[in-house]
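Below: one structure, written as structure tokens.
The values are calculated or read from the model by the stated rules, or taken from the named source; none is laboratory data. Predicted, not measured: the structure shown is a model, and the values here were computed from it. Methodologically, a virtual Cβ is constructed for each residue, glycine included, from the backbone with ideal geometry; neighbour enumeration extends over all protein chains shown. Heads up: the accessible areas ignore ligands, DNA and RNA and are worked out on the full protein's heavy atoms, side chains in. Shrake-Rupley method; radii C 1.70, N 1.55, O 1.52, S 1.80 Å.
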Amino acid sequence: MSEAQTNAGAQPAGNQRSAEGAATTGMRGLSTAKLAEQLRANPLVPLMIAAAVVIAIIIALLLWAKSPDYRVLYSNLSEADGGRIINELDTRGVNYRMGPGGQALLVPSDQVHSLRLQLAEQGLPQGGNVGFELMDDQAFGVSQFAEQVNFQRGLEGELSRSIESLGPVNRARIHLAMAKSSVFVREREPAKASVVLTLHGGRSLSEGQVDAIVHMVSSSVPELSADDVTVVDQAGRLLSQRGDTSRDLDGTQLSYIDEVERSYQRRIENILSPILGSQNVRAQVAAQIDFATREETSERYGPNQAPNEAAVRSSQLSTSYRGGEELAMGIPGALTNTPPGVAPSPINQPLDEDGNPIDAEELTEGGASSDLRHDNVINYEVDRNVEHIQHRRGQIERLSVAVVVNYREETDADGDIQRVALSDAEIAQLNRLVRQAMGFSEARGDAVEVVNSPFTLDQEELDQRAWWESPELQAMAISAGRYLLIAFVALLLYLLLLRPLIKRYTEQPLAAAAIPEPGFHATVGNDDEDGESSEQLEDDSYAPPPRKKRKSSAYEQQLKDVREMAQEDPRLIGMIVRSWIHKDEGNS
């Protein structure tokens, strides 16, 4: 067989297969179209589909309403800690989600606190802070430098853990520069520290807390002064003040001032509340407190006292005499060592003719001279008073008190309540009570002012939170709102989707029964007392018997309803007629 014949024989076979494929495709298309037509002709299929959609939507809304509220378990986790925590959660069968950017791990809100405690028992998260456990796994031949570095790392990790235990602190990182000792004072370097804090969202540290962190770090590192510790937050703000003396008061001093003012305020209100009522008196106190530190030393000397009253410290008496005779001369011996003659004493001093003592010069005139010297020195104790005074810090310099008293309520003759101002005597009495309660001092310059004025608003009503602001009520309203939203959506689906479908496919059989089919003969029964036979009715030539108007009223009413239905919903009538046509085609 030639090649041409082969091709000629193969071509009809290919055309045949193509024709068979086209026929198969056409049959499939006809079957699909017929199936779609049958589904459209069946009134229950759209109704079932709509019901399934409504049920699916309601179930999805219920699952959304019952879905747990996820809260942050940990944030800013490292990859290693995140993997360990996720592995632990998978082991425990706990549902979790990752936050935006993968920086936070979310778990159901009712399991947050229990999971944190359970994970903390497992040592999670580690957070990258390694403590003194570094010293447990040191090699046998580790060098001194490596040992010192490990000690420094362990100390930094332990301090970071201690700081992270504070409430507002989320993470902490510490850099230590250890002190370098030297035999030369100029080459010694003190220790320094830098602390970087990552705070929780919406939290802040007070000055007292920052000072506590500074002192904790400085007390844990040898030769580290509090002035050499720097504390910075995640925004780069300097929290610690290194030797800053420009500020007048720090947080501790301001807290002390507030405490002093509140103490005096409570005293005043407590003494006036039993008289006026707790809601009828308001007091404010302004205190000026001196926080300066002063030391004073004084030394005072008393005036000279009488000799018989003063105490003798020392006494010195010295007497010397030199006579007119020659001193002993010659060869030393018994004769030369003989003392000279005794000089006459002042009592035995010779007198002149008038009874006056003869002067020494006259007495020794023409002979040897004589000299007498007498010295007496007495030292008395001098009064001295040394006083050293150290003034106390936080001493109150001045108090200013302002008290406002509400009008007194009185009932008049008609039974109405009126507010009446207090008398001058009552105001003066209240003023005295306030002075006694605060410890008024004129020398200190204290000031007190008591004013009687009506209160415009009740403070208790202002302090009382409105009922709709209660967190429990808001949570309950949110939970109830979810289910109300589900009920509202279900009602809308029923009114807009299910109800029209049910109405349409339930009224269609009634309309089909009301319209007579072609060739259908309706028989109107004759139920008269005469028992006459009924007549046949044809749709083409229907003429109700004139004698049977009462019996044909039901048919007329049905025909009227069908006409109204055709005007309201022509599509429904078209579907009914189309079903008749298909029925006739099937019968033929």
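Counting Lys and Arg as +1 and Asp and Glu as -1, what is the net charge of the other residues whose Cβ lies under 12 Å from the Cβ of Val401? Don't jump to the answer; show the numbers that get you there.
Working: positive: Arg267, Arg282, Arg398, Arg435; negative: Glu261, Glu269, Asp446, Glu449.
Around Val401, the charge tally is 0.
In this view, the solvent-accessible surface of Tyr96, computed with a 1.4 Å probe and all protein chains in place, comes to about 70 Å². Across the stretch 268-279, rounded Karplus estimates of 3J(HN,Hα) from the backbone phi angles (6.51 cos²θ - 1.76 cosθ + 1.60, θ = phi - 60°) give 5, 5, 5, 7, 9, 4, x, 8, 9, x, 5, 9 Hz, Gly and Pro being marked x.
With a cut-off of 12 Å between beta carbons, the residues surrounding Glu426 carry a summed charge of +1, where Lys and Arg count +1 and Asp and Glu -1.
In plain terms, the chain from Ala425 to Gln152 could stretch by 90.9 nm, reckoned as 0.36 nm per residue minus the Cα-Cα distance. Karplus-derived 3J(HN,Hα) values for the stretch 252-264, using 6.51 cos²θ - 1.76 cosθ + 1.60 with θ = phi - 60°, are 5, 5, 5, 5, 5, 4, 4, 5, 5, 5, 5, 5, 5 Hz; glycine and proline are entered as x.
When only the heavy atoms of the protein chains count and the probe is 1.4 Å, how do Thr198, Thr319 rank by accessible area, highest first? The partial results should precede the final answer.
Details: Thr198 40, Thr319 90 Å².
Sorted by accessible area, descending: Thr319, Thr198.
Exposure check, 1.4 Å probe, all protein chains in place: Lys192 carries approximately 110 Å² of accessible surface.
Per-residue extension of 0.36 nm, minus the Cα-Cα distance of Glu469 and Arg499, leaves a gain of 6.8 nm for this segment. With both labels modelled 7 Å from their Cα along Cα-to-Cβ, the Ile389 to Ile55 distance reads 9.6 nm. Each residue was assigned an accessible area with a 1.4 Å probe, and for Glu564 the value is about 80 Å².
Accessible surface calculations at 1.4 Å, restricted to protein heavy atoms, place the stretch 377-464 at 71 Å² per residue. When the Cα positions of Ala193, Gly208, Leu224 are compared along the charge dipole of the stretch 187-226, Gly208 comes out farthest toward the positive end, with charges on each C-beta of Lys, Arg, Asp and Glu.
Work out the FRET efficiency for Glu79 and Ser219 from their Cβ-Cβ distance, taking R0 = 35 Å, and round it to the nearest 0.05. Efficiency, from the Cβ-Cβ distance: 0.50.
Between the beta carbons of Gln118 and Lys66, assuming R0 = 25 Å, the FRET efficiency works out to 0.50 to the nearest 0.05.
Note on Arg300 and Gln436: the model spin-label points, each 7 Å out from Cα along the C-beta direction, lie 3.6 nm apart.
What full-extension length gain, to one decimal in nm, is calculated for Gln144 and Glu410 as 0.36 nm per residue of separation minus the Cα-Cα distance?
On the way: separation 266, 0.36 × 266 = 95.76 nm, distance 8.76 nm.
Taking 0.36 nm per residue and subtracting the Cα distance, the gain is 87.0 nm.
Solvent exposure of the stretch 67-123 amounts to 62 Å² per residue of accessible area, where only protein heavy atoms count and the probe is 1.4 Å. Extending 7 Å from Cα along the Cβ direction at Glu556 and again at Phe184 yields two label points whose distance is 13.3 nm.
Return one whole number: the accessible area per residue of the stretch 161-220 in Å², for a 1.4 Å probe. Can you show the working numbers first?
Working: 3690 Å² over 60 residues.
Normalised by residue count, the accessible surface of the stretch 161-220 is 62 Å².
Whole-Hz Karplus values for the stretch 496-502 come out as 9, 10, 6, 4, x, 5, 5 Hz, taken residue by residue from phi with 6.51 cos²θ - 1.76 cosθ + 1.60 and θ = phi - 60°; glycine and proline positions read x.
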